[in-house]
Structures are given as structure tokens and as C-alpha cells.
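Working notes, structure below.
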Amino acid sequence: MTQLPNIITAVRIVGSLGLLFCDVMGAAFWTIYAFCGISDIADGGLARKFMSVTKTGALLDSMADICFVVCCSLKLLAVFELPLWLWIWAGVIVTIKVINQMSALVMQGRCIFPHTIANKVTGFLLFIAIPLLFWSIIPLAFVAAVATFAAAHEGYFIRTNS
């Protein structure tokens, strides 16, 4: 049972890659999307429950998160027309996160993917906001604000070793 969280995370990576082969308007896409989002919540909870939290598991979880975001972005950005200001905002967030990782490499000699509450809230809100894009971009703008705070907080975390 101690490996169950890592197995769930690995399946999330496979599911994320599977999204690339699904029609965004189809049931398969949204079923896999829901599985990936729910499994992202479940794997950490199970790891804590089974007292099997490891650095490898945390890194695998971060890689699965990145894979999920990239695969969703590739599929969804082709469907939705987002305004330029939102693209610029997303670019700022990505830039902050890249600077954070560069800081981690310089200061600690490795990449660090902090599982802060702000990052978890951002992931949860993004998971909920994506389906709402069919009606409005306002939820995504709210998520961008939270993500900006989370990225800045992540940088503080990395630079202060908190």
C-alpha cells in the first residue's frame, strides 16, 4: 500500500499524455481530465495516510502536475481564444517560476518544487476554472491572480529555505 500514491501519480502522467489523443469536446477528454484532477488530490492524501511521503513521490507529483498542465494547455489553448492580456499575464507567471527554479539551482544546486498551500490552491482553482472557460474567462483571470501570488510565494520559500 505504501507505493499506491506513486502508482496513482504515474497513472496521472499516463492519463495526462492520453489527453493529447482525445477530442476536447468529447467525454473521454473530460473523464480523463476529472481523473487526473481527483488523483492529484488523492495521491498526496494517501501518501500522508500511509506515512509514505518521500522526496521521490513529491518530485513525481510535481512532474505529473507539469505534464498535466502542459497537455491540457496544448489541447485547450487551440480551442479557446484568450485575450492578449491573459497571455502576457501567463507569461509573467511562467517567468517568475523559471526565475524561481534558476534561483534554486544557484542557491541549492537543484530544482525545488515546493508543495505550498498557495500552489495547491492554485492547482485546485485551475482544475475548476478550465471547464468554466466555455462560459467566461473571468474565473481564469482570478486563478491567474492566485497563481501570481503562489509563484511569488514559491520564490520566497526557495530563497529563504522556509
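Bear in mind these aren't lab numbers, they're just calculated from the coordinates by the rules spelled out. What you are looking at is a predicted structure, and each value in this text was computed from that prediction instead of being measured. Counting neighbours? That spans all protein chains shown, and the Cβs are built from the backbone with ideal geometry, glycine included.
Here are the numbers:
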{"item": "Length gained when the stretch W85-I117 is fully extended (0.36 nm per residue, less Cα-Cα span)", "result": "8.9 nm"}
{"item": "Magnitude of the charge dipole, segment 1-109, Cβ model with Lys/Arg +1 and Asp/Glu -1, debye to 20", "result": "280"}
{"item": "Dimensionless Rg over Rh [segment 81-162; C-alpha; Kirkwood]", "result": "1.03"}
{"item": "Among F124, Q108, I138 the positive-end extreme of the charge dipole of the chain (Cβ point charges)", "result": "Q108"}
{"item": "From phi via Karplus (6.51, -1.76, 1.60), per-residue ³J(HN,Hα) for segment 50-55 in Hz, x at Gly/Pro", "result": "8, 6, 10, 6, 9, 5"}
{"item": "Average Cα contact separation per residue, the chain, under 8 Å, 6 or more apart, as relative contact order %", "result": "23"}
{"item": "Segment 7-50 and segment 129-162: distance between their alpha carbon centers, rounded to Å", "result": "20"}
{"item": "Cα-derived Rg to Rh of segment 1-79, Kirkwood definition", "result": "1.02"}
{"item": "Residue-wise HN-Hα coupling along segment 21-31, computed from phi with Karplus coefficients 6.51, -1.76, 1.60 (Hz; x: Gly, Pro)", "result": "9, 10, 6, 4, 8, x, 5, 4, 4, 6, 5"}
{"item": "Translational D in µm²/s for segment 59-113 (Stokes-Einstein at 25 °C, 0.890 mPa s, Kirkwood Rh from C-alpha pairs)", "result": "191"}
{"item": "Anchor K75: lysines whose Cα lies under 28 Å away (excluding residues fewer than 8 positions away in-chain)", "result": "K97, K120"}
{"item": "Aspartates and glutamates whose Cα lies under 20 Å from that of K55, excluding same-chain neighbours fewer than 8 positions away", "result": "D40, D43, D65, E154"}
